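Encoded as structure tokens, the structure appears first; notes follow it.
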Amino acid sequence: MKQPVPFSPDEADGSRVPAASQVAPASLLAQLDSQPRVQAFLTRAVSSGRVGQAYLFLGASGAGKLDAAWAFAQAVLCEDGGCGVCDTCRRVAHRTHPDVHYFAPESATGYLIGQIRDLLDDVALAPVRARGKVYIIDRCDLLHANAANALLKTLEEPPEHVVFILLGTSADVVLPTIVSRCQQVPFRMVPAAEAVRAVVRQTGVDEVAAATAVAVAGSPARATAFLKSAERREARRVMLRAIDGLAYADEADVLSSAREILGAVKAPLADLKAAQQAELDDSADYLSRGAVKQLEDRNKRELSARERSGIMEVLAAARSLLRDVALACQDPAYVPVNADMPEVVARLTDRVSVTGAVAALGCVEECERRVRRNVTPQLALEVMLFDLRKALCR
Ligand SMILES: [Zn+2]
């Protein structure tokens, strides 16, 4: 096997031709321009045909590790190294490619051994559509003891066509046995102002809209995707309107707001559901009943992971609104991040004290913790809205 391209931090800034010139403009890698070294490195690995089998992306949240993982998956699976326009590229961009699997811890304390067993069962199967398979393992610092051990051997000698991308904040918090089996790819911190400029460049929206998107979505690439998705923007608005209406909401209103938010979060998942069904229909003839069941289980997990990330996004939107309110309470000249809904910020600022706004922020953070601990999203949202009503209506 060819040696994978090493990550050498000095190279990308030096005399080399910048990799950006080799990146297909429509590809996900092209959106990675706030991490030029990583972009150059991943592009070089693909274009030289020397892709390794286990990578560890390291960096703070908001640095764009997950975006980079999807971008790399696209470039690895596409026959043209990530053209951005073929069927493979489009499926990866829409997160509906059956050969790219995303894993996140399913319990509050970390990965379940069952999750890793499912992953290993899947690794043993041939790719469904592409020439290879990519496994993205988020929060690999939460791979403990048994789950980590189960993964180690495969991580060391994966089947030829498999690439693992593990994501973590720093090598110090990941088990050394895992770190030593992966090629480390450090991500730099992206300052908020720079993230906003990157989004402006990518989308052509003004700075105000870009700042809102970064506040809601986190990284530049996710903010760009957020701005391109009418459904995700609508989900944010539904959340903000629900908070705005809490002052006059009775119990039935609160419950129906929670349902409405959940419905809006689920709307963008219709594509994924349809792709999953099509894949099941395609493979029903030649897969055993056990394999079909496995596929169905995996689909369910993928859907609920996507639903959770949608919920986290609307919760980030709620946090950003309440932060605006808290700051506007203290400084009348404050310019809100949620500049597209000034009337909502103004109404809440009129009604609420700083203490109330800060308490409300705490309610949203508690809800984020509950969702991370796998409380049903609907229940977590209902509890949060009732708590918010109390906090905001003092
Ligand atoms: Zn392609």
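Residues that are of a type outside the set (A, V, I, L, M), buried (at least 22 other Cβ atoms within 10 Å of the Cβ) and at pLDDT 95 or above: does region 175-185 have at least one? Yes - at least one qualifying residue is present in region 175-185.
Quick grid of which residues meet (1) touching a helix residue (DSSP H, G or I) at 6+ places or on another chain (Cβ under 7 Å); (2) in the same structural domain as SER27 (by TED's automatic domain parsing); (3) under 23 Å from ARG372 (Cα atoms):
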{"position": "ASP87", "(1), (2), (3)": "no, yes, no"}
{"position": "PRO98", "(1), (2), (3)": "yes, yes, no"}
{"position": "PHE103", "(1), (2), (3)": "yes, yes, yes"}
{"position": "TYR111", "(1), (2), (3)": "yes, yes, yes"}
{"position": "ARG117", "(1), (2), (3)": "yes, yes, yes"}
{"position": "ALA124", "(1), (2), (3)": "no, yes, no"}
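In this structure, ASP122 does satisfy being away from the ligand (no atom under 16 Å from the Cβ), open to solvent by less than 40 Å² (accessible area, probe 1.4 Å) and of a type in the set (D, E, K, R). Looking only at region 63-86, filter to residues that are among the charged types (D, E, K, R) and more than 8 Å from the ligand (Cβ to nearest atom); which one of those is farthest from GLN184 (Cα to Cα)? Among residues in region 63-86 that are among the charged types (D, E, K, R) and more than 8 Å from the ligand (Cβ to nearest atom), the one farthest from GLN184 (Cα to Cα) is ASP67. For a quick check of your reading: which helices (runs of 4 or more DSSP H) sit entirely within region 168-278 and have at least 2 residues that are among the aliphatic types (A, V, I, L, M), within 26 Å of HIS94 (Cα to Cα) and out of contact with any Cys (no Cβ under 8 Å at 6 or more places or on another chain)? In region 168-278, 192-203, 207-217, 220-228, 230-245, 251-266 are the helices (runs of 4 or more DSSP H) which contain 2 or more residues that are among the aliphatic types (A, V, I, L, M), within 26 Å of HIS94 (Cα to Cα) and out of contact with any Cys (no Cβ under 8 Å at 6 or more places or on another chain). Restricting attention to region 45-59 and to residues that are open to solvent by 40 Å² or more (accessible area, probe 1.4 Å) and away from the ligand (no atom under 16 Å from the Cβ), the residue that is nearest to GLN22 (Cα to Cα) turns out to be SER48. For LEU295, indicate whether it is more than 19 Å from the chain's Cα centre (by Cα), open to solvent by 50 Å² or more (accessible area, probe 1.4 Å), modelled with pLDDT under 85 and not polar (S, T, N, Q). Here the answer is no, as LEU295 does not meet what is asked. Of note, ALA223 does not satisfy the criterion of being open to solvent by less than 30 Å² (accessible area, probe 1.4 Å) and either modelled with pLDDT of 95 or more or closer than 17 Å to ILE311 by Cβ (or both). Exactly one residue out of GLY168, GLY132, GLY114 is open to solvent by less than 20 Å² (accessible area, probe 1.4 Å) and either within 30 Å of LEU280 (Cβ to Cβ) or aromatic (Phe, Trp, Tyr) (or both), and it is GLY132. When HIS97 is tested against (1) more than 14 Å from the ligand (Cβ to nearest atom); (2) surrounded by 22 or more Cβ atoms within 10 Å (Cβ to Cβ), exactly one condition is not met: (1). The C-beta contact set for region 77-97 (first residue of a type in the set (Ser, Thr, Tyr), second residue within 8 Å of the ligand (Cβ to nearest atom) and in a loop (DSSP other than H, G, I, E, B), distance under 6 angstrom, 6+ apart or interchain) comprises THR88/CYS78.
Run THR109 past the list (1) without any contact (Cβ under 8 Å) to a residue 60 or more places away in the chain; (2) open to solvent by less than 30 Å² (accessible area, probe 1.4 Å); (3) away from the ligand (no atom under 16 Å from the Cβ) and report the number of the one that doesn't hold. Only one criterion in (1) without any contact (Cβ under 8 Å) to a residue 60 or more places away in the chain; (2) open to solvent by less than 30 Å² (accessible area, probe 1.4 Å); (3) away from the ligand (no atom under 16 Å from the Cβ) is unmet by THR109, namely (2).
Does ARG50 count as among the charged types (D, E, K, R) and without any contact (Cβ under 8 Å) to a residue 60 or more places away in the chain? So ARG50 passes the test.
Kindly establish whether LEU361 is open to solvent by 60 Å² or more (accessible area, probe 1.4 Å), in a helix (DSSP H, G or I), under 29 Å from PRO105 (Cβ atoms) and not charged (D, E, K, R). Judged against the criteria, LEU361 is not a match. The numbered conditions (1) open to solvent by 20 Å² or more (accessible area, probe 1.4 Å); (2) modelled with pLDDT of 95 or more are all true for PHE72 except (1).
PRO158 passes every criterion in (1) more than 16 Å from the ligand (Cβ to nearest atom); (2) under 16 Å from ARG301 (Cβ atoms); (3) in contact (Cβ under 8 Å) with a residue 40 or more places away in the chain; (4) not in a helix (DSSP H, G or I) apart from (2).
The values are calculated or read from the model by the stated rules, or taken from the named source; none is laboratory data. No experiment lies behind these values; they were computed from the predicted model shown. Because the Cβ atoms are built from the backbone with ideal geometry, glycine has one as well, and the counts that use them run over all protein chains shown. Ligands, DNA and RNA are stripped out before the accessible areas are found, and what is left, the full protein with its side chains, is counted by its heavy atoms. Shrake-Rupley method; radii C 1.70, N 1.55, O 1.52, S 1.80 Å.
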